[in-house]
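A.B. asks: Starting off with a structure, shown below.
The values are calculated or read from the model by the stated rules, or taken from the named source; none is laboratory data. A quick note: this is a predicted structure, and the numbers were derived from the prediction, not measured. Every residue, glycine among them, receives a Cβ derived from its backbone with ideal geometry; neighbour counts consider all protein chains shown.
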Ligand code: HEM
């Protein structure tokens, strides 16, 4: 046997491990397929939040309700319910913070996977396509994934500063969610910004839902038939629901007497 060849251990021989292996999930995340899984799973978490948030905000249309002997806005009762979630098992606000942390982790992972997949794709094709690309396949939504994604992230930052922290809303009052909604969206440029951002979100969601079927391996012909319908349905419901809020504030349907 030459000096460079090494004999492997005989079956059953105890071998001392000299190299530390990375955990399986980190190894998987190191591959393009793993990153696509992460994009899809964190995307599903985002979609569930966005649908839940939109449905919750529909409470703005219920207006005033009687609650603990007082007439209050149903949207404010709902916001308080979220802060009171799992009380007294957990202290006030803890469960909501748990959900927020999960959401932040999902967003960070979604952005990181998107960024590293872009780097992988650029490395695989350092020279740009010379001729016209096949825009039938790389359609409008897929080509716009990056800029709609960036717009949505900028919108989220702006939206938190507006309706959660109140920094961009001079009429902000902590806990008065219905009033804050009216105070914010009755400013025309802000209403237009919400409409534009939610249309960008709809385009992002349409293509996101469409591609997550592929990433998760749900591309059986049985799913393909209603893949487009699911993507269209989710994107349309979110855009119609969310765009209705600025329009209805401007129309005076959602109106707080103090604004
Ligand atoms: C017109 C559409 C929307 C309206 C009217 C709206 C309304 C609101 C309101 C009133 C709050 C404050 C709730 C509170 O303080 O209890 C809020 C928080 C929030 N919104 Fe929206 N939102 C809209 C769209 C979106 C979209 C599209 C996203 C994400 C892509 C989003 C993400 C968030 C997040 C992350 C929070 C913070 C939640 C928390 O920390 O409790 N919103 N939104």
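To keep it simple, each residue is scored yes or no on (1) surrounded by 14 or more Cβ atoms within 10 Å (Cβ to Cβ); (2) in contact with a helix residue (DSSP H, G or I) (Cβ under 8 Å, 6 or more places away or on another chain); (3) free of Cβ contacts under 8 Å to residues at least 12 places away in the same chain; (4) under 16 Å from residue 54 (Cα atoms).
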site: 198; (1), (2), (3), (4): yes, yes, no, yes
site: 201; (1), (2), (3), (4): yes, yes, no, yes
site: 208; (1), (2), (3), (4): yes, yes, no, no
site: 216; (1), (2), (3), (4): yes, yes, no, no
site: 222; (1), (2), (3), (4): no, no, yes, no
site: 227; (1), (2), (3), (4): yes, yes, no, no
site: 235; (1), (2), (3), (4): yes, yes, no, yes
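A.B. asks: Kindly establish whether residue 60 is surrounded by 15 or more Cβ atoms within 10 Å (Cβ to Cβ) and touching a strand residue (DSSP E or B) at 6+ places or on another chain (Cβ under 9 Å). Walk me through it before giving the result.
C.D. replies: Numbers: surrounded by 15 or more Cβ atoms within 10 Å (Cβ to Cβ): yes; touching a strand residue (DSSP E or B) at 6+ places or on another chain (Cβ under 9 Å): yes.
Criteria met by residue 60.
A.B. asks: Could you figure out which of (1) part of a helix (DSSP H, G or I); (2) away from the ligand (no atom under 13 Å from the Cβ); (3) exposed (fewer than 15 other Cβ atoms within 10 Å of the Cβ) isn't true of residue 97?
C.D. replies: (2)
A.B. asks: Note down all Cβ pairs under 6 Å where the first residue falls in segment 97-120 and is farther than 12 Å from residue 43 by Cβ, the second is assigned to a helix (DSSP H, G or I) and within 16 Å of the ligand (Cβ to nearest atom), and they're at least six residues apart or on different chains.
C.D. replies: What qualifies is 103/49.
A.B. asks: I need a count of the residues in segment 43-69 that are in contact (Cβ under 8 Å) with a residue 60 or more places away in the chain and away from the ligand (no atom under 13 Å from the Cβ).
C.D. replies: Number of matching residues: 1.
A.B. asks: Tally time: how many residues in segment 51-72 are closer than 14 Å to residue 181 by Cβ and within 27 Å of the chain's Cα centre (by Cα)?
C.D. replies: 9
A.B. asks: Picking from 177, 243, 239, which residue would you name as being touching a strand residue (DSSP E or B) at 6+ places or on another chain (Cβ under 8 Å) and in contact (Cβ under 8 Å) with a residue 40 or more places away in the chain?
C.D. replies: Values: 243 fails: touching a strand residue (DSSP E or B) at 6+ places or on another chain (Cβ under 8 Å); 239 fails: touching a strand residue (DSSP E or B) at 6+ places or on another chain (Cβ under 8 Å).
Exactly one residue qualifies, and that residue is 177.
A.B. asks: Let me ask something additional. Could you give every pair whose Cβ atoms fall below 7 Å, whose first residue belongs to segment 70-83 and is at pLDDT 95 or above, and whose second residue is in a helix (DSSP H, G or I) and more than 9 Å from the ligand (Cβ to nearest atom), counting only separations of at least 6 or pairs across chains?
C.D. replies: Qualifying pairs under 7 Å: 74/59; 75/59; 78/59.
A.B. asks: Please return the ranges of helices (runs of 4 or more DSSP H) entirely within segment 144-259 where 1 or more residues are away from the ligand (no atom under 12 Å from the Cβ) and within 29 Å of residue 112 (Cβ to Cβ). Even if it seems obvious, please write down each step before you answer.
C.D. replies: Values: elements: 145-159, 177-185, 188-215, 221-250.
Helices (runs of 4 or more DSSP H) meeting the threshold: 145-159, 188-215, 221-250.
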